[in-house]
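Read through the structure below, which is laid out as C-alpha cells, and then see the notes.
The values are calculated or read from the model by the stated rules, or taken from the named source; none is laboratory data. Computed from a predicted model, the values in this text were never measured in an experiment. Here the Cβ positions follow ideal geometry from the backbone for every residue, glycine too, while neighbour counts run over all protein chains shown. What goes into the accessible areas is simple: the full protein's heavy atoms, side chains included, and nothing from ligands, DNA or RNA. Shrake-Rupley method; radii C 1.70, N 1.55, O 1.52, S 1.80 Å.
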Amino acid sequence: MFNRSIRRGCLKYKLIGNNNYNSDNIFYEVLQNRGIKDVIEFLNISLDDLPNPFQFKNMDKGTNLLLQHIKQDSTIGIICDSDPDGVTSTAILYQYIKHIGGNVDYVFIHERRTHGILLNELNGYLNTLDLLIVPDAGSDNYKEHKILRHKFNIDVLIIDHHDVKYYSHNAIVINNQLDDIATNLSGAGMTYMFCKALDKKSHINHADKYLDLAALGLISDMMNIKAPEVQCIIKEGLNDINNQAFKKLIEKQSYSLKGKVNPIGIAFYITPLINAIFRLGEYQDRVDLCYMFCGIDQRYEEIAKRCINLNNKRKRLGKKILKELDIDTNNKILLAQIDHSYGKNGMARIVANSLSQKHQRPAIVYYEDINGKLKGSMASNIDGFMDELNKTDLFEFVAGHQRAAGLEIKREKIDIIQKELNEIFKDYDFEKVYEVDFIVPALYFNRVGKDLINQIANYEDYYGRGIEEPMICIEGITVNANNTSLIGQNKNTIRIVDQDITFIKFRTNKDKYNELIQDGGCRINIIGRCNINDYMGNKYPQIIIDDYQIIEESIIDEWIVDLF
C-alpha cells in the first residue's frame, strides 16, 4: 500500500514504525520508533539517574587536586575552548570555583579558532601558574602535558569528552570516552559531573545551578538526546535558566523562538550566535563572550547585539561563498576549496554543513592556511564518516565527531583526492530517503490530522539529535487555485488549506506554485513536520512541508479502491 509510483521528481520515503496513526498515544509510537523500549521509564528520567561521578577514572584525583590548590591559594588558569561547549564548560567551572571560595586568576582565550593547549598562548604565565585546567579539550596534548609538568612544574587537569588513544602520563585526565561511561556527555556535561563530585566532597548542593549551561553545551555539541544522562540534564537545565548571558541571548531571539525554549530552538537560534563570535569575531569579541558567560563582564545587551550582528554577517558570507563555488554534485563526496580569508574566518565548517544538507551527502571543504597547509572541515549525513576518512591515506588527521570534524589534507594527495574518495565510497548510497513515522492517506488525514498534529507538537521539548522530530507523509492531498496561495513579502511561500489544516512550504517560488494549480490543480504526496501556529492567541494545527511530489491521477484511483 505504501510503495507508490510517481510522475514528477523522485520522492523517496520509508515507514520506520507500525503506522499506528490512530493511536491514543502518538508520542509513545514515536519513541518506540526511535528504539526506546521502556517509554514510561524514559519519560520519568531524573537527575537521580545520572551515574555516580566517581565512577569516572581520575575523578577522585582531579577533585582532590583542585581542592588542594584552592586551599593553598595557588594560581589557577582555565583554557576556554573555541566553541559553545567550551564556553559553557569554562563558565561552569569558573563560577563553581568562585562559589566554593577559590579564585581563577586567568581565563585564557585562544587567539584564533582552535582547540586544546597552545604553549605560545601561555607565554608570560608559565612561571606563575600552579594549576592549568582544560575543560572540553586537551586529552591528547601529550607533549604539552609533559612540558608543563616537568619543565614548569604546573599541574594539568583535563575534563574532556573527545576520543583519544590513552590516558596522559603527565596530566590528570577525566574523559568519559576512555572510561566508556555516559559517553554522550559533552565537555559541559563532564564539567557539570566534575562539579557534582566536588559537591559530594564539600557536602554542598551547588552544581545544579549550572544545569542550564550544561544543557546549552550538550545541545550545541549535538549530543544524543536519547541518552538518559543527556535527556535529564537538558530537561532540567532548560526548565530553570539562571545564567544571565544565556537569558539575554534567549531574549534577543524571542521572536524566532516564539516563547519556546527547547533543544531545537536552542540549536537553531542560540548556538549559531555563539559560533558566529568564534568564527567571525575578533579576539576581544571572544574574550567578551566568554567573560559574559562567566559573569565577569556584565555588558549583556552590548555583547548579545554583537552576537546577533556577527551571526547575520555569517549568514550573508555563507550565501556568498556558496554562490562562488562550482560543485560537481555527481561526486559521491563533495569536495570544495575556499579562499584562505574564508578559512581563516572559520567558514569551512559552515560551508561544509550547508553543502552536506543541501545535497544529502558528505562534504569536505578546505583552504590553504598561512603556513601552506591544507586545512578544513567535513560534514556528513551519516554516522561513522570520520572513522572512514581516517582509514584512508588522504589526510594528516580527521578529528572531532563522526558527523562533523576538522581535518588536514596531505599536500601530495590533493590532485587525486576527489578520484580516490569517489572510489572509496562508490558503494555508499547517499540518496535522500525520508524516514517517516506515519503514512496517512488524505481521506483519513481529514479525520485524524488535527489530533495527530497536536499530539506530536505537544512533545516538541523532547526532540533533538537521537529523538529526531517526527516526519509524516500525507498521500493524495488535493491542491488547486481555491485552496492554494502564494504568500509572503517575497512571494516565496506556498500555503495550502485543507479541512482546517494548513500546509506551508517555505523557500519556494511562483513557478512551483503555478505547477501545482495549472490545469485545475493536482494531488500531491507531502513529507512534513507537525506544528502549532500560535497567532494572536489563536492556535492552528499545520504541517511544515519539507518536500512534496505531484502524483498520477491513475494512482489515486487505485488508492481509493484499496481504501474502500
In region 247-287, anything more than 30 Å from Gly343 (Cβ to Cβ), in a helix (DSSP H, G or I) and more than 18 Å from the chain's Cα centre (by Cα) is listed as Lys247, Lys248, Glu251, Ser254, Tyr255
Selection from region 433-470 of residues that are small (Gly, Ala, Ser) and assigned to a helix (DSSP H, G or I)
Ala442, Gly449, Ala457
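Residue by residue through region 367-407, note down the ones that are of a type in the set (Lys, Arg) and closer than 23 Å to Ser186 by Cβ.
So in region 367-407, the residues of a type in the set (Lys, Arg) come out as 373, 375, 391, 403.
Answer for region 367-407, where residues must be of a type in the set (Lys, Arg) and closer than 23 Å to Ser186 by Cβ: just Arg403.
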Residue list for region 157-185, restricted to those being farther than 18 Å from Asp387 by Cβ, charged (D, E, K, R) and open to solvent by 30 Å² or more (accessible area, probe 1.4 Å):
Asp179
In region 543-564, is there at least one residue being surrounded by 14 or more Cβ atoms within 10 Å (Cβ to Cβ), among the hydroxyl-bearing types (Ser, Thr, Tyr) and not in a strand (DSSP E or B)?
no
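Say whether the condition of being open to solvent by 70 Å² or more (accessible area, probe 1.4 Å) and aromatic (Phe, Trp, Tyr) is met by at least one residue in region 35-48. Explain how you work it out, then say what you get.
At the first step, the residues of region 35-48 found to be open to solvent by 70 Å² or more (accessible area, probe 1.4 Å) are 37-38, 40-41, 44, 48.
After this cut, where a residue has to be aromatic (Phe, Trp, Tyr) as well, the list is none.
Looking for residues that are open to solvent by 70 Å² or more (accessible area, probe 1.4 Å) and aromatic (Phe, Trp, Tyr), one finds none in region 35-48, hence no.
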From Ile382, Ile364, Ile370, Ile350, which residue is within 17 Å of Gln402 (Cα to Cα), touching a residue at least 24 places away in the same chain (Cβ under 8 Å) and assigned to a loop (DSSP other than H, G, I, E, B)?
Ile382
Sort through Asn242, Asn205, Asn224 and tell me the only one that's assigned to a loop (DSSP other than H, G, I, E, B), open to solvent by less than 40 Å² (accessible area, probe 1.4 Å) and not aliphatic (A, V, I, L, M).
Asn224
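What do you reckon, is Glu302 open to solvent by 50 Å² or more (accessible area, probe 1.4 Å), assigned to a helix (DSSP H, G or I), more than 22 Å from Asn531 (Cα to Cα) and without any contact (Cβ under 8 Å) to a residue 12 or more places away in the chain?
Values: open to solvent by 50 Å² or more (accessible area, probe 1.4 Å): yes; assigned to a helix (DSSP H, G or I): yes; more than 22 Å from Asn531 (Cα to Cα): yes; without any contact (Cβ under 8 Å) to a residue 12 or more places away in the chain: yes.
When the stated conditions are applied, Glu302 passes them.
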Out of (1) of a type in the set (A, V, I, L, M); (2) part of a loop (DSSP other than H, G, I, E, B); (3) within 18 Å of His69 (Cα to Cα), the one Ile117 does not meet is (3)
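Any residue at all in region 11-31 that is part of a helix (DSSP H, G or I), among the acidic types (Asp, Glu), surrounded by fewer than 16 Cβ atoms within 10 Å (Cβ to Cβ) and modelled with pLDDT of 90 or more? Working first, answer last.
We begin by selecting, within region 11-31, every residue part of a helix (DSSP H, G or I); these are 26-31.
Subsequent filtering for residues that are among the acidic types (Asp, Glu) retains 29.
Those left that are additionally surrounded by fewer than 16 Cβ atoms within 10 Å (Cβ to Cβ): none.
No, region 11-31 contains no residue that is part of a helix (DSSP H, G or I), among the acidic types (Asp, Glu), surrounded by fewer than 16 Cβ atoms within 10 Å (Cβ to Cβ) and modelled with pLDDT of 90 or more.
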So, in region 115-156, of the ones that are open to solvent by 20 Å² or more (accessible area, probe 1.4 Å) and under 25 Å from the mean Cα position of the chain (by Cα), which residue ends up farthest from Asp285 (Cα to Cα)?
Asp140
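Residue by residue, here is whether (1) touching a helix residue (DSSP H, G or I) at 6+ places or on another chain (Cβ under 9 Å); (2) buried (at least 20 other Cβ atoms within 10 Å of the Cβ) holds:
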site	(1), (2)
Lys315	yes, no
Ile327	yes, no
Leu335	yes, yes
Asp339	yes, no
Met347	yes, yes
Ser356	no, yes
His359	no, no
Ile364	yes, yes
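Looking at Ile78, Ile97, Ile92, Ile70, can you tell me which residue is open to solvent by less than 60 Å² (accessible area, probe 1.4 Å), at pLDDT 95 or above and assigned to a strand (DSSP E or B)? Before the answer, list the steps.
On the way: Ile97 fails: assigned to a strand (DSSP E or B); Ile92 fails: assigned to a strand (DSSP E or B); Ile70 fails: assigned to a strand (DSSP E or B).
Among Ile78, Ile97, Ile92, Ile70, only Ile78 is open to solvent by less than 60 Å² (accessible area, probe 1.4 Å), at pLDDT 95 or above and assigned to a strand (DSSP E or B).
Of everything in region 55-67, what is of a type in the set (A, V, I, L, M) and open to solvent by 10 Å² or more (accessible area, probe 1.4 Å)? Give them in sequence order.
Residues of region 55-67 that are of a type in the set (A, V, I, L, M), as a first pass: 59, 65-67.
Matches in region 55-67: Leu65, Leu67.
Would you please name the residue that is surrounded by the most Cβ atoms within 10 Å (Cβ to Cβ), looking only at residues in region 407-432 that are outside any loop (DSSP other than H, G, I, E, B) and under 24 Å from the mean Cα position of the chain (by Cα)? It would help to see each step written out before you state the result.
In the first step, residues of region 407-432 are kept if they are outside any loop (DSSP other than H, G, I, E, B); the result is 407-409, 411-413, 417-424.
Adding the requirement that they be under 24 Å from the mean Cα position of the chain (by Cα) leaves 407-408.
On the way: Leu407: 24, Glu408: 16.
Among those residues, the one meeting the criterion is Leu407.
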Considering every residue within region 326-346, establish whether at least one is at pLDDT below 90, within 22 Å of Phe268 (Cβ to Cβ) and out of contact with any Pro (no Cβ under 7 Å at 6 or more places or on another chain).
yes
Any residue in region 273-296 that's under 19 Å from Ile219 (Cα atoms) and open to solvent by 10 Å² or more (accessible area, probe 1.4 Å): show its pairings with residues that are not hydrophobic (A, V, I, L, M, F, W, C) and not in a helix (DSSP H, G or I) at Cβ separation under 6 Å, as long as the two are six or more apart or on different chains.
Arg279/Asn345; Arg279/Gly346
Condition set in contact with a Gly (Cβ under 9 Å, 6 or more places away or on another chain) and open to solvent by less than 10 Å² (accessible area, probe 1.4 Å), scope region 467-508, selection farthest from Glu29 (Cα to Cα): answer is Thr484
